[in-house]
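Report on the structure given below.
Where a number appears in this text, it was derived from the coordinates with a stated rule and is not lab data. Please read all numbers here as calculations on a predicted model, not as lab measurements. Cβ sites come from the backbone with ideal geometry, for glycine too, and all protein chains shown count toward neighbours.
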Amino acid sequence: MCRFFATAPKGLNELLREELMSFGAENIKTQPTGATFDGSLEVGYRSCLWSRLANRVYLVVLETELPNQESLSSVVQSIDWSQHLDKDGTFAVSFSGQGLGITHSHYGALKIKDGIVDYYRDHYQVRPSVDTEVPDIRVHGHLNRNQLTLSLDLSGYSLHQRGYREGIQVEAPLKENVAAAILMRANWPEIAKQGGAFYDPMCGSGTFLVEAALMASDTAPGLAKSGEMLLNYWLGHNDALWQKLVEEAEQREQAGLKDLPNIYGSDISHKSLDVARNSIQAAGYDDVIEIKQMAVEQGRKWGDWQPGLIVCNPPYGERLGEEETVKQIYLKLGEYLKAEFVHWKAAVLTCHTELGMFLGIKAKRSHDFFNGAMSCRLFRFEIEEEWFRQPALQPKQDLAEQVLQLQPDLAETDNAKMVSNRIRKNMKGLKSWVKQNEISAYRVYDADIPEYALAIDLYDTLESGLWVVVAEYAPPKTVNPTKAKRRLYEAMSVLPSVFNVSPERIIFKVRSQQKGQDQYERLDEQKAFFTIVENQTRLRVNFTDYLDTGIFLDHRQVRQEVAKLAAGKRLLNLFCYTATATAEAVKAGCKSSLSLDMSKTYLYWAKHNFMCNDINEKQHVLQQENVLEWLETATQNPKDLFDVIFLDPPSFSTSKRMDGTLDIQRDHVDLIQKTMKLLSKNGKLIFSTNLRKFKLDTAIFESEYQIENITQRTMPKDYARNMKIHQAWLFSRQ
């Protein structure tokens, strides 16, 4: 048995584990950039020949502890190097890690080189030559504190270099092993076995196409360069074993080439296609892979293709320098997929997760990847009508448009001018505050004139600029409905000129008193999402589908308070809704978090808020729970304590998923007391509510907790006219 270490790009360690297991590896231990494993020499050879994911495979020759820095050369000198390198051979040394005062890789490599040279001087009175370009063996040393590992590089080059792209200069290429990992995640090997076609509509230099062909033909990725690997020059090399494995790989390739699925690619750039043709020809697949020049907006299948897999890596934005241009590319790609590829599978890689929203297809799964240093996400789709969504663009709002078109003359009435003047006055008073605090969503009118009972919010979105969301407070039955409708029309008629927006940008809703789950009932199915920025955090909002937009604007300062307290700490967010508070806390430096809500819909929304901010969902967990039931269990024997807890429950709830009801006035004492059991010794609990007549039972809490009313300092300026919009308290232990 031998010990090996395989390196791989960041984020591929679990896939690498599965691959190494298929080669017969044992005792696999993954690390962020690779895995150690045990196995026979054959297992190591198979890894070199067949790994689609590894960069390098090392054979470990020594693992030991060093007592001090000076012992490094002598420990290296004690190894029997005659088993690895002839006295007339050449070698090169690399070094990584640090410890024992060694912080420079060149110094570490020099000490290892000295040890090898001293060995040959002592035993053979010769000095082997160092050759950094084409050595017979490459020795790699890694130091972690005082733990030294010495290994031989079996390939001598990065295994992602399959050979088909050598001498070809490509701008920002996707590495071959990362492309292979994406194909594995997208389940291409199984789809290929079933005869499904493969298509990359933005194929660029053709990396996905060639890697897909290598997989489908069962070709070993290291086969083309098997004669160049350094293991051929290693004295411990078993050439008979290696040749047997190479012959086996050649036979498997010949068998696999007999029944290949169709593989297609297209791209708008003829220069990219020229590069792709060279790569395809170098790989030997010019009679298998078919490519043509075509933009996605002009795209059509050019044959009878068996439904299979579409994989592509569209531009990220940095490449084109135009964010809006890239969004249009995603929109057109989504339209192309929905028009031409129903019943196919698709996988799209992007380094800006919010761009996935512009495809207009709901992703079934997603995976984190790295393209070099760039953090990316792979979205996987089933192209079926049930998953189609309206892309993150302008929603139609027929009701507001109808109101504005019916009574355009009302904008000239005295009452309409009165409403207009009040809104303009409010906006003038908020102007400097909005600019200074970089506010992109705020309230400009809240029934300031009682007869015109509207709440008007402005949303300045990243995708398409300004939107106006108008909610009418349902008039009481004592108000004449005809008069109420006329007042509504008068107020609505002035909004386009006041805000300088078209009627299509004005969203109209009716807000009545909500009970239980009514506040979460769906109003529409447009699924048009936009992005705003609050406290340096990107948040997704929806203007049409629900009564609320996915963010409670009056809680802006409350979220800021939570974020400030949670910096470097652990956060629990109960009744998290779309987890905007958690997202802002993470951007402010929150160490880890758990966010709970009963609604699957809002947790999915929260997931997209996390995606927009590249939040690690392993470190910051979203969990579907009945919070009341969860608290009962979690507080019985509390093991996990939190430094900061945000408790913002609904005022009243009768959800179908909840046994009984939640009445926050009636139940708040029990709810707070249970929640405080999960708070660490020096922790802070922020409790808030929007119930206007709510009264905190301070007498029960004062003997046990310190309580600070933070309502005033968490009331934003745009809600100063309505100080009853929410109440908030800060709890801590005595």
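Normalising the average separation of contacting C-alpha pairs (under 8 angstrom, six or more residues apart) by the number of residues puts the relative contact order of the chain at 7 percent. Each residue of the stretch 574-586 was assigned a 3J(HN,Hα) from its phi angle through the Karplus expression (A = 6.51, B = -1.76, C = 1.60, θ = phi - 60°), giving 9, 6, 6, 6, 9, 6, 5, 5, 5, 4, 5, 5, 5 Hz with x at Gly and Pro. Packing order of peptides 717-726, 145-154, highest average first: 145-154, 717-726 (average count of other Cβ atoms within 10 Å over each peptide's residues). Principal-axis analysis of the Cα atoms of the chain puts helix 270-283 at an angle of about 40° to the longest axis. Taking every DSSP beta bridge that has both ends in the stretch 551-733, the antiparallel portion is near 40%.
For the stretch 590-598, backbone phi angles converted through the Karplus equation (6.51, -1.76, 1.60; θ = phi - 60°) give residue-by-residue couplings of 4, 6, 7, 7, 10, 10, 10, 7, 8 Hz, Gly and Pro being listed as x.
Here the chain carries DSSP beta bridges of which approximately 60% are antiparallel, counting only pairs with both residues inside.
Here D122, D114, D267 are placed in order of increasing Cβ neighbour count within 10 Å, fewest first, which gives D122, D114, D267. Shown here: the stretch 166-240, whose C-alpha atoms stretch 47, 33, 17 Å along the first, second and third principal axes, sorted largest to smallest.
Taking the DSSP beta bridges with both ends in the stretch 42-165, the antiparallel portion is around 60 percent. Working from Cα positions, state the angle (0 to 90°, nearest 10) between the long axis of helix 41-50 and the longest principal axis of the chain. Long axis of 41-50 versus the principal axis of the chain: about 60 degrees. Residues whose amide H falls under 5 Å from that of S266, counting only those 5 or more places apart or on a different chain, are D200, M202, C203, K292, with hydrogens built in the peptide plane.
Labels on offer are (i) 105, 69, 47; (ii) 79, 72, 48; (iii) 85, 69, 47, and the one holding Cα extents along the principal axes in Å computed from this structure is (i). The label point for K428 and the one for M1, both projected 7 Å from the Cα toward the Cβ, are 8.2 nm apart.
Scanning the chain for GluC sites (Glu not before Pro) that sit in a DSSP loop and have at most 15 other Cβ atoms within 10 Å, the longest stretch containing none of them is 172-317. Looking at the stretch 570-631, the trypsin sites (Lys or Arg not before Pro) that sit in a DSSP loop and have at most 13 other Cβ atoms within 10 Å of their own Cβ are K618. Radius of gyration (Cα atoms) of the stretch 2-153, expressed as a multiple of 2.2 N^0.38 Å: 1.07. With helices as the sole contributors, the chain gives -10000 deg cm²/dmol at 222 nm; each DSSP H run of n ≥ 4 counts as -39500 (n - 2.57), and the sum is divided by every residue. Neighbour counting of Cβ atoms within 10 Å sorts the residues V210, V501, fewest neighbours leading, into V501, V210. Close amide-amide hydrogen proximity is noted between K569 and K591, S592, each under 5 Å apart and 5 or more residues distant or on a separate chain (H modeled in the peptide plane; Pro and chain starts excluded). Exposure proxy for W81, W729: other Cβ atoms within 10 Å of each Cβ, ordered fewest to most, give W729, W81. Using the alpha-carbon atoms, what tilt in degrees (0 to 90, nearest 10) does helix 600-612 show relative to the longest principal axis of the chain? The angle comes out near 60 degrees.
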